[in-house]
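Here's the structure, in structure tokens; my notes come after.
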């Protein structure tokens, strides 16, 4: 999967802000416990959508959020 960027209001599992946030999307590498799953990484925050678009003209503007919780179902259950 080729990486791409989005602009959206900053929202995640533990935070929310009133800024336009730029995220890079891709896939976790094989060395990660989340290997093969979708990855969303924070890049920058902006006060206005115009500032975000100027700094990241290739980014797709998203209404809502692209946040999705990670899945750990692929890990073995060792009984701990």
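The values are calculated or read from the model by the stated rules, or taken from the named source; none is laboratory data. Keep in mind that this is a model prediction, so the values were computed, not measured. Using ideal geometry, Cβ is built from the backbone for each residue, glycine included, and neighbour counts are taken over all protein chains shown.
Assorted remarks:
- Among the residues making up segment 12-22, a single one is surrounded by 14 or more Cβ atoms within 10 Å (Cβ to Cβ) and modelled with pLDDT under 80: 12.
- Restricting attention to segment 1-55, the residues being more than 15 Å from the chain's Cα centre (by Cα) and farther than 20 Å from residue 69 by Cβ number 13.
- Considering residues of segment 23-61 that are surrounded by fewer than 13 Cβ atoms within 10 Å (Cβ to Cβ), assigned to a loop (DSSP other than H, G, I, E, B) and in contact with a strand residue (DSSP E or B) (Cβ under 8 Å, 6 or more places away or on another chain) only, the residue modelled with the lowest pLDDT: 36
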